[in-house]
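The values are calculated or read from the model by the stated rules, or taken from the named source; none is laboratory data. Every value quoted in this text rests on a predicted model; they were computed, and no experiment measured them. All Cβ positions, even for glycine, are placed from backbone atoms using ideal geometry, and neighbour counts span all protein chains on display. For the accessible areas, the whole protein counts, side chains as well, though only heavy atoms, and no ligand, DNA or RNA atoms are used. Shrake-Rupley method; radii C 1.70, N 1.55, O 1.52, S 1.80 Å.
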Amino acid sequence: MNKIIYKYKIYGRNKGRKKNKLVNDIRIDDYLLNINQDVKKKNNLILDIGSGSGENALFLSKINSKSLIIACDVFKDGNINLCNKIYNSKITNIKLFRNNISKLLDQLKKKEYFNEIWILFPDPWPKKKHHKRRLINFEFLKKIHYLLKKNGKLFLTTDSKSYLFSILFNIYLAKKIYKWENDKPYSWIYNLEILPETKYYKKAIKSDKLPFFIKLIKI
């Protein structure tokens with residue numbers, strides 16, 4: 001039991017310091033993912049890992065109206081914000097998963113579920129002693145490769161140079177299973193793409209940091 005708890009341990013805060021409420025007495029439970037009902041191989045599925053306040057999930061839901069967007073984040077305030085926006089905008093193609101992404105991936109036993117996987121601004125864990133907490137490594141890339149459909153795409157963004165170097169190293173290790181679509185440095189710039197201005201994007205720009213955007217395709 002302790003091994004399972006440690007495996008899905010969440011680092012950092014999972015809620016903000018300010019109180020955040022759902023509007024009109026809606027319940028987060030009404031928007032939670034039901035794996036057995038919602039995750040089907042025939043569906044067009046897009047996974048948004050670390051969805052935060054839901055800016056990217058909302059963006060993806062508009063440009064992929066026939067797809068189901070799975071927004072995965074443990075941060076309570078972000079999930080509340082997203083639920084409020086889903087309710088107010090009457091959006092029907094977003095579901096929430098409120099736990100460690102590893103727990104969701106471990107529950108998916110078959111191959112090739114997702115058309116796209118997005119990971120925008122994952123926690124860089126800048127201290128060297130915390131680098132082992134970083135989400136993106138070779139083992140993780142192998143795991144999600146298994147769950148991507150043929151020619152499925154993986155999108156990664158970071159504004160941390162240290163994390164970028166780590167990501168590039170792991171992309172090199174995974175070169176036999178992923179094709180790097182935008183592999184020229186000049187094409188890594190986030191602003192070259194039509195992408196959402198998330199909370200962490202705005203924070204990066206305010207701090208004069210350049211966000212990098214990487215596109216990988218499953219081989």
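Observations on the structure shown:
- Figure legend. Inter-residue proximity from region 159-172: first residues within 25 Å of residue 197 (Cβ to Cβ), second residues crowded, with 18+ Cβ neighbours inside 10 Å and of a type outside the set (S, T, N, Q), beta-carbon distance below 6 Å, spacing 6+ or different chains. Indicated pairs: 159/204; 159/211; 160/124; 163/124; 164/212; 167/136.
- Here residue 139 meets each of (1) surrounded by fewer than 18 Cβ atoms within 10 Å (Cβ to Cβ); (2) in contact with a Gly (Cβ under 6 Å, 6 or more places away or on another chain) with one exception, condition (2).
- Among the residues of region 102-132, the ones that are within 25 Å of residue 55 (Cα to Cα) and out of contact with any Gly (no Cβ under 8 Å at 6 or more places or on another chain) come to 9 in all.
- Selected residue [over 22 Å from residue 136 (Cα atoms) and at pLDDT 95 or above] from 22, 60, 68, 96: 68
- Residues that are over 20 Å from residue 103 (Cα atoms) and either among the basic types (Lys, Arg) or part of a strand (DSSP E or B) (or both) within region 40-57 comprise just one, 42.
- Per the conditions (1) touching a His at 6+ places or on another chain (Cβ under 8 Å); (2) open to solvent by 40 Å² or more (accessible area, probe 1.4 Å), the sole criterion not satisfied by residue 173 is (1).
- Residue match in region 60-69 (condition: of a type outside the set (Lys, Arg) and under 24 Å from residue 203 (Cα atoms)): yes
- Tally, over region 177-212, of residues that are under 20 Å from residue 165 (Cβ atoms), part of a strand (DSSP E or B) and open to solvent by 100 Å² or more (accessible area, probe 1.4 Å): 0
- Every residue from region 36-68 that is surrounded by 14 or more Cβ atoms within 10 Å (Cβ to Cβ) and under 21 Å from residue 111 (Cβ atoms): 38, 39, 43, 44, 45, 46, 47, 48, 49, 67, 68
- Single match in 79, 151, 99, 115 (criterion: buried (at least 21 other Cβ atoms within 10 Å of the Cβ) and in contact (Cβ under 8 Å) with a residue 12 or more places away in the chain): 79
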